[in-house]
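What follows is a set of notes on a single structure, which appears directly below.
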Amino acid sequence: MKAQSSALPIIVGILVVIIAVGVSVYAYYQYQLLSAPTTSVTTTSSTNNIQLKYDSSNKTVFLTIVVLTSGPAFNFNGTSNGQLVIYIPAGWSIYVTFINQQSLPHNLILLQNTTATPNNADVSQFGKILYIVGATTSNYQSTGISSGASDSGLWGPINAGVYMLVCGILGHAESGMWAVLVASSNVSTPYATIS
Ligand SMILES: [Cu+2]
């Protein structure tokens, strides 16, 4: 009995350390995934914000969206259901790099959405498709990039508004594969948040 009672705090301590390390690695990985090389780097005032790389002279934000094998099945950078919100200055463009690490194909669409959340298997039923990476306007419902592949595109300039980033393959956005993009004149430095 004595050996058991003295071992318990050690086991609990080890578990706490393992969980803390795991959370830290996960947070750092998400930050890295949202970062891409560019000519200018700057900081934002809030420590909770994720800094994005951008080139202010070209009014371009560099965004890397990765479909991970960990986390929610239908995810962008490990997030789902609008958890990821990206803020850019109105009138700027996005150079997006889309990477799929899953065996299931996926694509990435900038949608001028008309509903707060996806409510149809076909993304064109709740918004207007503005830009696509990994598919075309005629095959986005079934076509994407395959495992390990990446594709990129320059989207914009993007007018002030609130948009959705979605996967266009039937049912994927409805299953959680969507994020939010806000273009606003109130934003001077691009950043992102994950709730
Ligand atoms: Cu998908």
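Each peptide among 73-81, 154-162 gets the average number of other Cβ atoms lying within 10 Å of its residues, and from highest to lowest they stand as 73-81, 154-162. Full extension of the chain between Gln112 and Ser188 gives 25.2 nm of extra length, using 0.36 nm per residue less the Cα-Cα distance. Considering only beta bridges that DSSP places wholly inside region 34-194, some 70 percent are antiparallel. Phi-derived couplings, Karplus 6.51 cos²θ - 1.76 cosθ + 1.60 at θ = phi - 60°, listed residue by residue for region 120-137: 8, 5, 9, 4, 6, 8, 10, x, 9, 6, 9, 9, 9, 10, x, 6, 10, 5 Hz, with x used for Gly and Pro.
In plain terms, the bigger the Kirkwood radius, the slower the diffusion; for region 34-194, with that radius from Cα pairs, at 20 °C and 1.002 mPa s, Stokes-Einstein puts D at 139 µm²/s.
The numbers here are math on the coordinates, done by the rules we state, and not lab data. Only a predicted model underlies this, so the values are computations on that prediction, with no experimental measurement involved. Because the Cβ atoms are built from the backbone with ideal geometry, glycine has one as well, and the counts that use them run over all protein chains shown.
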